[in-house]
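Engineer: Just dropping this structure here.
The values are calculated or read from the model by the stated rules, or taken from the named source; none is laboratory data. Worth saying up front: this structure is predicted, and the values here are computed from it rather than measured. Cβ placement follows ideal geometry from the backbone for every residue including glycine, while neighbour counts extend to all protein chains displayed. Ligands, DNA and RNA are stripped out before the accessible areas are found, and what is left, the full protein with its side chains, is counted by its heavy atoms. Shrake-Rupley method; radii C 1.70, N 1.55, O 1.52, S 1.80 Å.
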Amino acid sequence: QDAEGLLDQAIAMDPSFARAYLERMSLRLQLFLDSYVSPEDALPRAQSDLANAQRLAPSDPVVTAFTAVMAYAVEDYDRALQLFDSAEAAGLADPELLNWKDELLFAMGRYPEATALSSRLADLDPKNVVAQRWWIYMLLEQHRYQEAIHVVDVLGARQPPRWDDERAMVKAYAGGDFAPRHALNAAQLQQPWRTAQDVQSHIELASIELSIQHRFKEFR
């Protein structure tokens, strides 16, 4: 909400700032995709933002890519991929937008292509943790466990101990060794609840961890 308010201010100060409309559109779509707001609330406002950006910069490949994001959000996957490809052919190399394409390829079941794009994004944007986690997850979905643990090793060497959770996840997927994951989750669940975000994250973690252990009464 704070980010949306800042984008509102940016647009009020400069109504010709096309990228501000696009970022607000992206934010509104993400809230919809994460089920924080209804499609009736999010989609018309996001489509209005996109229309303004298309009017201001109709030939910009960034606008084409955000048009692809809109198509992805409403599950028009084939059109979304065509638009992303068109934007890249016109010179798009924005890791943020290519990360949306990565999610699209995964949603379409095109896992090898999505994995290759994740690898490319890791080189384009080495601090893009979201893309790197997608990369690991996609390798796991394809049962490419040795590659997944190699990626975790490389990332862990750069940024320890950030990737301990992913290492534990790979061990659980690959060989059924849940002990490292249980230990990490137990430590996390012992952390104090200071904010509403803490409560949400604890409940989400508990829903996974306690369910895996069949501790349903404690979870309720």
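Engineer: Give the residues of region 109-124 that are open to solvent by less than 50 Å² (accessible area, probe 1.4 Å) and farther than 25 Å from Val74 by Cα, sorted by residue number. Step through it out loud before you land on a result.
Structural biologist: Of all residues in region 109-124, those open to solvent by less than 50 Å² (accessible area, probe 1.4 Å) come to 109, 114-115, 117-119, 121-122.
Once the filter is applied, which keeps residues that are open to solvent by less than 50 Å² (accessible area, probe 1.4 Å) and farther than 25 Å from Val74 by Cα, region 109-124 yields Ser119, Ala122.
Engineer: Filter the helices (runs of 4 or more DSSP H) completely within region 1-78 down to those with at least 2 residues that are β-branched (Val, Ile, Thr) and more than 26 Å from Glu204 (Cβ to Cβ).
Structural biologist: Counting at least 2 such residues, we get 61-73.
Engineer: Follow-up question, since we're still on this one. In region 170-185, is there at least one residue being among the polar types (S, T, N, Q), over 30 Å from Thr67 (Cβ atoms) and surrounded by fewer than 17 Cβ atoms within 10 Å (Cβ to Cβ)?
Structural biologist: No, because not a single residue in region 170-185 is among the polar types (S, T, N, Q), over 30 Å from Thr67 (Cβ atoms) and surrounded by fewer than 17 Cβ atoms within 10 Å (Cβ to Cβ).
Engineer: Tell me, which residue of region 26-69 that is touching a residue at least 40 places away in the same chain (Cβ under 8 Å) and among the hydrophobic types (A, V, I, L, M, F, W, C) is nearest to Leu6 (Cα to Cα)?
Structural biologist: By that ranking, first place goes to Leu29.
Engineer: Looking at region 67-102 only, could you name the residues that are crowded, with 19+ Cβ neighbours inside 10 Å and of a type in the set (D, E, K, R)?
Structural biologist: Correct list: Lys101, Asp102.
Engineer: Now a separate question. Just one of (1) part of a helix (DSSP H, G or I); (2) exposed (fewer than 14 other Cβ atoms within 10 Å of the Cβ); (3) not small (Gly, Ala, Ser) trips up Phe106, so point out which.
Structural biologist: Failing condition for Phe106: (2).
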